[in-house]
1. Restricting attention to the range 163-188, and to residues there that are more than 14 Å from the chain's Cα centre (by Cα) and in contact (Cβ under 8 Å) with a residue 12 or more places away in the chain, which single residue is surrounded by the fewest Cβ atoms within 10 Å (Cβ to Cβ)?
2. Taking into account only those residues within the range 43-80 that are over 18 Å from Phe14 (Cβ atoms), out of contact with any helix residue (DSSP H, G or I) (no Cβ under 8 Å at 6 or more places or on another chain) and not β-branched (Val, Ile, Thr), which is surrounded by the most Cβ atoms within 10 Å (Cβ to Cβ)?
3. Among the candidates Ala62, Ala138, Ala123, single out the residue that is out of contact with any strand residue (DSSP E or B) (no Cβ under 9 Å at 6 or more places or on another chain) and at pLDDT 90 or above.
4. When you go through Leu159, Leu229, Leu190 one by one, which is the residue that is more than 30 Å from Val97 (Cα to Cα) and in contact with a His (Cβ under 9 Å, 6 or more places away or on another chain)?
5. I'm trying to understand the selection: among the residues of the range 217-234, which are on the phi < 0 side of the Ramachandran plot and assigned to a loop (DSSP other than H, G, I, E, B)?
6. Can you tell me which residues in the range 140-175 are part of a helix (DSSP H, G or I) and under 21 Å from Arg30 (Cα atoms)?
7. Would a scan of the range 69-76 turn up a residue that is basic (Lys, Arg), farther than 21 Å from Ala227 by Cβ and in the same structural domain as Leu218 (by TED's automatic domain parsing)?
8. Considering only residues of the range 189-210 that are under 11 Å from the mean Cα position of the chain (by Cα) and not hydrophobic (A, V, I, L, M, F, W, C), which is modelled with the highest pLDDT?
Amino acid sequence: MTGAPVIELDEVTFRRDGKKIINGISLTVRAGEHWALLGPNGAGKSTLLGFCGAVTFPTTGAVRVLGEQFGRVELARLRRSIGHVNPRHPLRYALTVREVVLTGVTGTIDTPMRWSPTTADLARADAIIDALGLSGKADDIWPTLSQGERGRTLIARALISDPDVLLLDEPSTGLDLAAREQLLTTIDTLDRTHPEVASILVTHHLEELPSTTTHALLIANGHTVAAGLATDVITTDHVSTAFAHPIEVRYDGRWSARAR
C-alpha cells in the first residue's frame, strides 16, 4: 500500500559560490518507505539531505516536506516532525543516555536551562531506550559509550518526538564491524516498530545499507544516475557509472561491492 508523500523535491538546483552543486534532481519519498541516498564524496548528498531536513533552501525548484512548501511555512515547525541522526552530534556536556534522548523532546543539543521532562517524557524515553537495546545503559554518560551505543542513543533521540521521517546521515561512521552490524539490526527493527516512519539513509558504502532498504537515489556530480526500487537502482552498471569506476555489485538480502 502506497503511503502519502512526506518529502517531495521537484527539479531542485543549488549553487554555492557560483558553482552548481545540485542540478535538477527530483525525489518523492512516501510514508513507510526506506530510501538510500548514494553517491561518491562530493556528489551532493549532504546538500540534498539539507533540503529533506528543512535546513537548506534550493536555489531553484520546489521542496515540500510533510505537504508544506518551502517559502510558505516556518521551517522550524517542520523540523519538529523530522528526526535527524548525525554521528557527529556536537554534544558539549557529559549527559547520560536518558538525558541525550530527552533532548529530542526539546530539539536541542543540550538540556535547556529551566526545563524539566514530564513523567510521560521520562517513561517514553525509557521505553525507547529499552526498545533499542540500551537497557542498563540509561544512566551511563556520553563519553563512556562506545560508538555503536552512541549511534543507537541518537536514533532513540530522533524517535522520541514521533517523527514522520527519519534522516540518517552516514550513521555507521566510525563504527567497527560488530558495532555497524548491531546498528543496522537496530535500524531494521524500525520497519516493524515504526512502520509509518519514512527514512533516508546517506552513505557511500553499500555494505552499510540496512536490509529493509526499499528505494534508492544514486547521484553523481549533482545529477541523478538512477532512482526507484533499491534492487533496480543498486546494480553493477549504475554504481559503476556513479563512481566512474568498474564496480561489481552483489545482492543476497544485503548489498556488497568490490572493484572489478
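The values are calculated or read from the model by the stated rules, or taken from the named source; none is laboratory data. Given the structure is predicted, the values throughout are model-derived calculations rather than measurements. We place every Cβ from the backbone using ideal geometry, glycine too, and count neighbours over all the protein chains shown.
1. Per the criteria, the residue is Ala178.
2. For the range 43-80, the residue satisfying everything is Leu78.
3. On inspection, the qualifying residue turns out to be Ala123.
4. Leu229
5. Hit for the range 217-234 is Ile234, nothing else.
6. Of everything in the range 140-175, those that are part of a helix (DSSP H, G or I) and under 21 Å from Arg30 (Cα atoms) turn out to be Ile155, Ala158, Leu159.
7. Yes.
8. Only one residue fits best here, namely Ser199.
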